[in-house]
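The values are calculated or read from the model by the stated rules, or taken from the named source; none is laboratory data. Not measured: the values here are computed from a predicted model. Quick reminder, even Gly has a Cβ in these numbers, built from the backbone with ideal geometry, and neighbours come from all protein chains shown.
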Amino acid sequence: MRVLIAKDPAIRGRFDADGNGVIDGDEWEQVRQLVIHRLEHEEAEAATAERLAAKAGARVAAAPAIPGAIAQAIHEGDLPASRGLSPTPENIGDADEIVLERQGGLGALLGKMVRRRYAVFAADGSPLATLEQVENQLIQELTNQSIFEVPDLHFRVVEAGNGNTTVFSRARGLARDRIDVIDHAGRFRAAVEWEFTLLGRKLVAQPAGEGGPVTVKGSIFHPFTLEILDLVDDPIGRIELGWSGLGAFLAGAHRARIWVKPGEVTPDQRWGLLAAALLADLEAESHR
C-alpha cells in the first residue's frame, strides 16, 4: 500500500490530511483500516463459500496467496481517485456507482422486528436518497390471517436532490419475491424478481423503458460478489454485498456497492439494480 500510494499523487492527496507530502500517524491508520476491512470481507466470503459448497456437495479450492494482491485490488477497485471519478450524479438514474448503506446500528441486527432503513450514496459519498421500509414486518406476520399469503412490504425512497418519492413495492409468496419500482408520478419504472435456474437463483431486473432485462447472479464460490449481465449475458458491472467501505467510506457500516460500466445502462435499469441490491441484502439478512 505504501508503494502504491507513493506512485499515485491523487491517492496520496486523499490521505495526506495535513498536506506535508507524507502519510503518517493517524493518516496511515486510515490506510491500515482499509486493508483490515478488505481482509475481513474476503475471509467472511470464503467462509460463506465453504458453507454453501458443502451444502451443495462441492469443494472450494483455496486461492493461491499472491503478494500484494490485496493492496492492488484496493487501489484499482476501491479508491476512487485511482480510477478517476465522474462528476457527482444529480440523482439515482444518472449514477454508475451507487452505495446502499444499512442504517440503525442495533436495529440492523433485529431484522423483521424493526422497520429497515438505508441511505443511498454516490461514489464520492454524496447523499443521493434515503430508503425506508413502510410497514413493520413482524406485526404484519403476527396479524396475517392466511397461511397461503405472505404480507407485502413496501419501501419509500426519497431522493436528496429533488425530494421526489419513489416506491419499492415488494410482493412475496411461497416461491416468489418481487419489487416493482413506481416513481413519484405513479409511473412504473422497473420490476425485479428472483428467478430459479438449474444452477440456482438469479435476479432479473426488467426496465419499463429501453435497455432490456439485466441479470444479477452470483456463485457459491463468490457469494458476496454478484455479476451484472446485459441482455446477451455480457458482464457490465457487479454488486458487492457486505462491501467493506473503502474510498470515500472509512467508517464501519453494512453496505452494498453497485457498479456498472459508464454508458451501459439506462436510468430505469439503474433503479432496477438498486431494487435488486435491496432484495439481495434482504436475502443475505435471512441467512445471517
### Query
Before we move on, is Ala46 out of contact with any Phe, Trp or Tyr (no Cβ under 6 Å at 6 or more places or on another chain) and at pLDDT below 80?
no
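Select from segment 22-45 the residues that are polar (S, T, N, Q) and crowded, with 16+ Cβ neighbours inside 10 Å and list them in ascending order.
Hit for segment 22-45 is Gln33, nothing else.
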### Task
Within segment 248-276, track down each residue that is modelled with pLDDT of 90 or more and within 19 Å of His37 (Cβ to Cβ).
Ala256, Arg257, Ile258, Trp259
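Could you list, in sequence order, the residues of segment 194-239 that are of a type in the set (A, V, I, L, M), at pLDDT below 90 and either surrounded by 12 or more Cβ atoms within 10 Å (Cβ to Cβ) or not assigned by TED's automatic domain parsing to the domain that holds Glu101 (or both)? Give the steps one after another, and end with the answer.
The first filter runs over segment 194-239 and keeps only residues of a type in the set (A, V, I, L, M), leaving 198-199, 203-205, 208, 214, 216, 220, 226, 228-229, 231-232, 236, 239.
From what's left, at pLDDT below 90: 198-199, 220.
Hit for segment 194-239 is Ile220, nothing else.
Quick one: is Arg2 surrounded by fewer than 16 Cβ atoms within 10 Å (Cβ to Cβ) and either among the basic types (Lys, Arg) or at pLDDT 85 or above (or both)?
Values: surrounded by fewer than 16 Cβ atoms within 10 Å (Cβ to Cβ): yes; either among the basic types (Lys, Arg) or at pLDDT 85 or above (or both): yes.
Against the criterion (surrounded by fewer than 16 Cβ atoms within 10 Å (Cβ to Cβ) and either among the basic types (Lys, Arg) or at pLDDT 85 or above (or both)), Arg2 qualifies.
Conditions (1) at pLDDT below 85; (2) within 22 Å of the chain's Cα centre (by Cα), marked per residue:
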position	(1), (2)
Lys112	yes, yes
Leu128	no, yes
Leu131	no, yes
Pro151	yes, no
Glu159	no, yes
### Query
In the list Arg172, Arg156, Arg189, which residue meets the criterion of being on the phi < 0 side of the Ramachandran plot, touching a residue at least 40 places away in the same chain (Cβ under 8 Å) and in a strand (DSSP E or B)?
Arg189
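Taking into account only those residues within segment 5-21 that are in a loop (DSSP other than H, G, I, E, B) and without any contact (Cβ under 8 Å) to a residue 12 or more places away in the chain, which is surrounded by the most Cβ atoms within 10 Å (Cβ to Cβ)? It would help to see each step written out before you state the result.
Residues of segment 5-21 that are in a loop (DSSP other than H, G, I, E, B), as a first pass: 8, 16-21.
When the remaining residues are screened for being without any contact (Cβ under 8 Å) to a residue 12 or more places away in the chain, the result is 16-21.
Numbers: Asp16: 16, Ala17: 12, Asp18: 10, Gly19: 7, Asn20: 9, Gly21: 9.
Looking at the filtered set, the residue picked out is Asp16.
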### Message
Condition (residue is modelled with pLDDT of 85 or more and either in a helix (DSSP H, G or I) or closer than 28 Å to Arg2 by Cα (or both)) applied to segment 76-92: is it met by at least one residue?
### Response
yes
